[in-house]
Amino acid sequence: MSAKKSLKLGVLASGGGTNLQSLIDQCQQNNIDAEIVLVLCNNPGAGALERAEKANLPNICINHRDFADRQSFDQAVVATLKEAGVELVVLAGFMRIISEVFVDAFPNRIINIHPALLPAFPGLHVQQKAIDYGARFSGCTVHFVDTGVDTGPIIIQAVVPVLDDDTEETLAARILQQEHKIYPKAIQLIAEDRVRIEGRRVLISGDDVEEAALINPPL
Ligand code: GRF
């Protein structure tokens with residue numbers, strides 16, 4: 001057994017859970033110094049629950065429809081995460097807006113992945129929005145969560161080209177491939193304690209910076 005302390009993750013998902021799966025795989029392969037101590041879904045029958053079961057991970061469904069309001073749902077979620085010993089809350093396709101109750105319970109310890117290059121295209125259906133806008137590039141963003149929608153400090157982003165014949169599905173698939181790479185990387189940076197928040201900026205220690213520019217269409 002490694003003597004290294006591993007960061008205890010609580011992964012929250014609402015749907016299919018491909019990001020959850022990439023985290024399960026990366027943890028199992030010891031590529032990140034983290035372990036998933038709880039998978040929490042708000043939708044019964046979510047694919048993410050099945051993936052957790054298959055990986056023998058503790059999992060729970062807390063259905064938001066059983067609660068009178070957002071705060072009481074969030075209180076139940078927070079209590080469950082605390083009881084499981086969660087140190088970092090990882091939103092992976094969790095389709096609920098997080099209230100202050102939740103954010104205050106895990107200050108700077110909640111992260112989210114968003115399938116666009118924030119601050120462009122926050123919210124929903126953002127792959128289609130990038131296509132409709134005529135953006136030449138889109139991508140994905142891992143950020144800390146505050147009480148706004150997709151507004152917290154940005155940790156890491158990946159860029160992909162938007163192609164002329166893209167549909168929402170083809171662009172989403174291209175972005176998702178990158179999501180599966182940058183989410184584990186962001187978690188590893190936090191596990192290594194290399195991430196510091198200064199105002200809106202996230203500063204990362206000890207990284208080599210690539211200065212290469214991406215141009216689409218190429219020169
Ligand atoms: C991803 O595109 C993520 O960026 C967004 O929701 C989607 C979840 O996909 N927040 P999956 O459930 O991880 O496959």
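The values are calculated or read from the model by the stated rules, or taken from the named source; none is laboratory data. On a predicted model such as this, the values are computed, not experimentally measured, just so you know. Because the Cβ atoms are built from the backbone with ideal geometry, glycine has one as well, and the counts that use them run over all protein chains shown. Only protein heavy atoms, including side chains, enter the accessible area calculation; ligands, DNA and RNA are left aside. Shrake-Rupley method; radii C 1.70, N 1.55, O 1.52, S 1.80 Å.
Values for this structure:
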| item | result |
| --- | --- |
| Residues that are open to solvent by less than 80 Å² (accessible area, probe 1.4 Å) and not in a loop (DSSP other than H, G, I, E, B), drawn from region 197-219 | 197, 202, 203, 204 |
| Single condition residue 175 does not satisfy, out of (1) more than 24 Å from residue 26 (Cβ to Cβ); (2) touching a residue at least 24 places away in the same chain (Cβ under 8 Å) | (1) |
| Sole exception among (1) touching a helix residue (DSSP H, G or I) at 6+ places or on another chain (Cβ under 6 Å); (2) under 20 Å from residue 144 (Cα atoms); (3) of a type in the set (A, V, I, L, M, F, W, C); (4) open to solvent by 30 Å² or more (accessible area, probe 1.4 Å) for residue 67, by number | (2) |
| Looking only at region 8-30, and only at residues there that are open to solvent by 20 Å² or more (accessible area, probe 1.4 Å) and more than 15 Å from residue 55 (Cβ to Cβ), the one that is nearest to the chain's Cα centre (by Cα) | 15 |
| Residue list for region 43-78, filter: within 16 Å of the ligand (Cβ to nearest atom), more than 18 Å from the chain's Cα centre (by Cα) and of a type outside the set (A, V, I, L, M, F, W, C) | 44, 45, 50, 53, 54 |
| One residue from 105, 92, 84, 120 being under 18 Å from residue 178 (Cα atoms), aliphatic (A, V, I, L, M) and either within 15 Å of the chain's Cα centre (by Cα) or open to solvent by less than 40 Å² (accessible area, probe 1.4 Å) (or both) | 92 |
| Filtered residues of region 79-98 (kept if out of contact with any Ser or Thr (no Cβ under 9 Å at 6 or more places or on another chain) and within 11 Å of the ligand (Cβ to nearest atom)) | 90, 91 |
| Residue count, region 146-196 (criterion: closer than 23 Å to residue 86 by Cβ, assigned to a helix (DSSP H, G or I) and open to solvent by 60 Å² or more (accessible area, probe 1.4 Å)) | 1 |
| Count of residues meeting criterion [in a strand (DSSP E or B) and buried (at least 18 other Cβ atoms within 10 Å of the Cβ)] in region 31-56 | 7 |
| Pairs with Cβ under 6 Å, 6+ apart, first in region 93-119 and at positive phi, second small (Gly, Ala, Ser) | 93/13; 93/14; 93/15 |
| Output for region 110-133, where each listed residue is near the ligand (Cβ under 9 Å from one of its atoms) and touching a Cys at 6+ places or on another chain (Cβ under 8 Å) | 113, 114, 115, 116 |
